[in-house]
Amino acid sequence: MLNENTKAPEFTLHDKDGNSVSLSDFRGKKVVLYFYPKDNTPGCTRQACAFAAAYNDFRDENIQVIGISRDNEASHRKFAEKYSLPFILLSDPELQVIKAYDVWAEKKLYGKLGFGVMRSTYIINEEGVIEKAMPKVKPDTNAAEILAYLRSAK
């Protein structure tokens, strides 16, 4: 994980519709940047649906939610449509941003070692600095923990 109080790495990736989205597009606004392993898997679906359920709260606080995984744009489009996800999903099949944010890690799955995306979340402040780094987050509570943190930081 990257350290808090460091500049967030700039990036430009494509969303589910093929549009280019850059971190700098949201300067002046807080960004919740969450990394997840794969569309349509149980944990990732629960996490995305929790962010969707809390989306109005994030929007009311002027906070942009962005999810990033290795999945391609078509996968993101189907995932977003299936679960009515109102926030941005970005595709990083080349792992450029995933590696830049240091969330590509060795993992054990079903007793086998391999590499994958570590479920993690960053809160990036209005100036593009990492305000909070949250490694190994739980899919069911991640969105609520972020809102609680942001409300307590006011």
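The values are calculated or read from the model by the stated rules, or taken from the named source; none is laboratory data. Values in this document were obtained by computation on a predicted structure and should not be read as measured data. Heads up, the Cβs are rebuilt from the backbone with ideal geometry, glycines too, and the neighbour counts pull from every protein chain shown. Remember, those area values only see protein heavy atoms, side chains included, never the ligands or the DNA or RNA. Shrake-Rupley method; radii C 1.70, N 1.55, O 1.52, S 1.80 Å.
Among PHE58, PHE11, PHE35, the residue with the largest mean-square fluctuation in a Gaussian network model of the chain, with springs joining Cα atoms closer than 10 Å, is PHE11. Distance between the modelled labels on ALA100 and ASP17, one decimal in nanometres: 2.3 nm (7 Å Cα→Cβ projection). Taking the Cα centre of region 77-130 as origin and assigning +1 to Lys and Arg Cβ atoms and -1 to Asp and Glu Cβ atoms, the resulting dipole is close to 480 debye. Just checking the listed ones, LEU23, LEU109, LEU95: in the Gaussian network model of the chain with Cα springs under 10 Å, the one fluctuating most is LEU109. Net charge in the neighbourhood of LEU113 (other residues with Cβ under 13 Å of its Cβ; Lys, Arg +1, Asp, Glu -1) is +2. Just to verify a number: FRET efficiency for ASN3 and ALA74, C-beta to C-beta distance, R0 = 35 Å, to 0.05? Once rounded, the FRET efficiency stands at 0.50.
Considering only protein heavy atoms, what per residue accessible area in square angstrom results for region 39-90 with a 1.4 angstrom probe?
Spelled out: the 1.4 Å probe surface of region 39-90, per residue, equals 45 Å².
Modelled spin-label separation between TYR149 and SER24, with each label point placed 7 Å from Cα along the Cα-to-Cβ direction: 2.6 nm. Put the Cα centre of region 68-95 next to the Cα centre of region 108-149 and the gap is 17 Å. Between TYR83 and GLU127, the FRET efficiency estimated from the beta carbon spacing at R0 = 41 angstrom works out to 0.80. Lysine pair count for region 1-81 with Cα-Cα distance under 26 Å and sequence separation of 8 or more or different chains is 8.
Counting only DSSP beta bridges whose two residues both lie in the chain, roughly 70 percent are antiparallel. Percent of C-alpha pairs per 5 Å bin in the chain, short distances first: 2, 9, 20, 24, 23, 14, 5, 1, 0.
Rolling a 1.4 Å probe over the protein heavy atoms of region 18-154, with every protein chain left in place, gives an accessible area that is 49 percent carbon and sulfur. Under a 10 Å cutoff between Cα atoms, tell me which one of PHE51, PHE87, PHE115 has the largest fluctuation in the Gaussian network model of the chain. In the Gaussian network model the winner is PHE115.
Region 49-128 gives an Rg/Rh value of 1.00, both radii derived from C-alpha positions and Rh following Kirkwood. Charge tally around ASN19: other residues with Cβ under 15 Å, Lys/Arg +1 each, Asp/Glu -1 each, net -3. Please give me the summed charge of the neighbours of VAL129: other residues whose Cβ is under 14 Å from its Cβ, Lys and Arg +1, Asp and Glu -1. Summing Lys/Arg as +1 and Asp/Glu as -1 gives 0.
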